[in-house]
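Reviewing the structure listed below.
The values are calculated or read from the model by the stated rules, or taken from the named source; none is laboratory data. All of these numbers come straight from a predicted model, not from anything done at the bench. Cβ placement follows ideal geometry from the backbone for every residue including glycine, while neighbour counts extend to all protein chains displayed. Ligands, DNA and RNA are stripped out before the accessible areas are found, and what is left, the full protein with its side chains, is counted by its heavy atoms. Shrake-Rupley method; radii C 1.70, N 1.55, O 1.52, S 1.80 Å.
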Amino acid sequence: MTTTPKTSDEILVLGATGKTGRRLVDVLRKQGRTVRAASRSGEVRFDWHDRETWPAALEGAAAVYLVAPDDPAPVRPFVEQAVEAGVRRFVALSGRGMDRIPEGAFAGMAAAEEAVRDCGVEWTVIRPNNFQQNFGEGDWLDPVRAGRLALPIGSAPEPFIDARDIAEVAAVLLTSDGHHGQVYDLSGPEALTFGAAVETIAAAAGRPIRYEELVPEEYRAELRAGGVPEEVVGDLDAMFAAMRAGHLAEPADGVRRVLGREPAGFGAYAARAAAAGAWS
Ligand SMILES: NC(=O)c1ccc[n+]([C@@H]2O[C@H](COP(=O)([O-])OP(=O)(O)OC[C@H]3O[C@@H](n4cnc5c(N)ncnc54)[C@H](OP(=O)(O)O)[C@@H]3O)[C@@H](O)[C@H]2O)c1
């Protein structure tokens with residue numbers, strides 16, 4: 001006997017403890033939406049690598065914010081299972097320049113883009129630039145605190161985006177019609193060199209922090225010495241090559257198209273994060 005899936009207006013947010021997911025949960029709840037905040041350590045336990053956690057996370061969900069794992073293998077089975085369980089809309093978090101990086105890089109995000117395009121229900125893909133929050137709660141936090149951020153960027157500037165803007169965009173895409181089949185590039189309002197971004201943070205934090213330019217070989221060696229897995233080294237290498245080539249450097253209009261306002265700038269982020277003690 002087949003049963004018709006029961007759907008409601010519940011929204012399953014994956015990566016709900018992460019930089020965009022956590023903010024998206026807040027935005028949706030402030031709007032009065034019913035949200036399942038899911039991740040390995042989230043309110044609802046969801047693990048990409050433990051399929052037994054999937055059915056309970058999906059039960060009753062009508063829409064999913066999809067933050068892909070690094071490993072592409074579980075992505076398509078999850079999307080298929082979600083549609084079978086009654087999900088009617090996906091918003092997949094991808095990355096700026098996904099169409100400009102070599103095949104095989106960021107395989108999880110690529111699998112997510114492909115799986116939602118093929119899934120037969122509504123989908124939207126968002127491709128943000130590097131997050132402003134990477135400096136204060138992500139991979140660059142420890143180096144920034146230690147006073148030296150060293151990357152292989154060249155002189156290309158980066159229009160860093162506020163993760164709060166990504167969350168607000170995702171909330172609109174999850175809860176309103178008219179975005180099916182769209183791919184939105186999302187960035188901040190202005191492109192800054194990493195040197196200028198680090199100077200802004202140093203000034204806001206009131207401590208010396210320097211940006212050091214590495215050649216790609218030196219950067220790979222630093223990552224490997226820090227125990228970063230080889231596939232992540234490859235992904236970062238591909239991303240920084242795309243950045244050096246200038247493929248991610250132009251500000252994009254996705255935030256304005258979805259929210260009808262300009263995205264938030266880097267200086268405001270640095271001041272806010274410094275006041276909250278990110279670098280103290
Ligand atoms: N950071 C950027 O600048 C940037 C830019 C463009 C695109 N992206 C993409 O955005 C995605 C997330 O990056 P992020 O920087 O936002 O990372 P993040 O803040 O560390 O968030 C990752 C989230 O995924 C969850 N998670 C990790 N492993 C999981 C697993 N096995 N099963 C279920 N949930 C898992 C984590 O929660 P638990 O630990 O509780 O499971 C966390 O909520 C990545 O695909 C990245 O490539 C990032």
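Across the accessible surface of segment 189-254, with the other protein chains kept in place and a 1.4 Å probe, carbon and sulfur atoms take up 54 percent.
Report in % the part of the accessible area of segment 1-126 that belongs to carbon and sulfur, leaving out ligands and nucleic acids; probe 1.4 Å.
Ligands and nucleic acids excluded, carbon and sulfur reach 46 percent.
When peptides 33-45, 109-121, 163-175, 226-238 are ranked by their average number of other Cβ atoms within 10 Å per residue, the highest-first order is 163-175, 109-121, 33-45, 226-238. Is the shape of segment 141-207 best called rounded, prolate or oblate, per the rule: a/c under 1.5 gives rounded, else a/b larger than b/c gives prolate, else oblate, with a ≥ b ≥ c the square roots of the Cα gyration tensor eigenvalues? It is prolate, given that a/c is not under 1.5 and a/b is the larger ratio. Averaged over its residues, segment 138-178 has an accessible area of 33 Å² per residue, based on protein heavy atoms and a 1.4 Å probe.
For segment 130-169, the direction-averaged projected area of the alpha-carbon convex hull comes to 3.2 nm². The residues packed around Leu248, meaning those with a beta-carbon under 15 Å from its beta-carbon, carry a net charge of -4 if Lys and Arg are +1 and Asp and Glu are -1. Sum up the charges of everything whose Cβ sits under 14 Å from the Cβ of Arg89, counting Lys and Arg as +1 and Asp and Glu as -1, but leave Arg89 out. Result for the neighbourhood of Arg89: -1. For Tyr184, nonlocal amide neighbours, meaning residues 5 or more places apart or on other chains whose placed amide H falls under 5 Å from its own, are Val125, Ile126, Arg127. Over the C-alpha trace of segment 1-109, radius of gyration and Dmax come out as 14.1, 46 angstrom. A straight chain from Glu230 to Glu103 at 0.36 nm per residue would run longer than the Cα-Cα distance by 44.1 nm. Computed with a 1.4 Å probe on the full set of protein chains, the accessible area for Phe106 sits at about 40 Å². The gain in end-to-end length when the Val172 to Glu250 segment is fully stretched comes to 25.7 nm, 0.36 nm per residue minus the alpha carbon separation.
The solvent-accessible area of Thr193, taken with every protein chain present and a 1.4 Å probe, is close to 60 Å². Under a Cβ-Cβ cut-off of 11 Å, what is the net charge of the residues other than Arg40 that fall near it, where Lys and Arg count +1 and Asp and Glu count -1? Net charge around Arg40: -1. Taken over segment 10-275, the percentage of Cα pairs per 10 Å bin, counting from 0 up to the bin with the maximum distance, is 7, 29, 36, 22, 6, 0. Using all alpha carbons of segment 144-266, what is the percent of pairwise distances in each 10 Å bin, ordered from the shortest bin to the longest? With a bin width of 10 Å, the distribution comes to 12, 33, 34, 18, 3. In this structure segment 22-134 gives 44 Å² per residue of accessible area when probed at 1.4 Å with all protein chains present.
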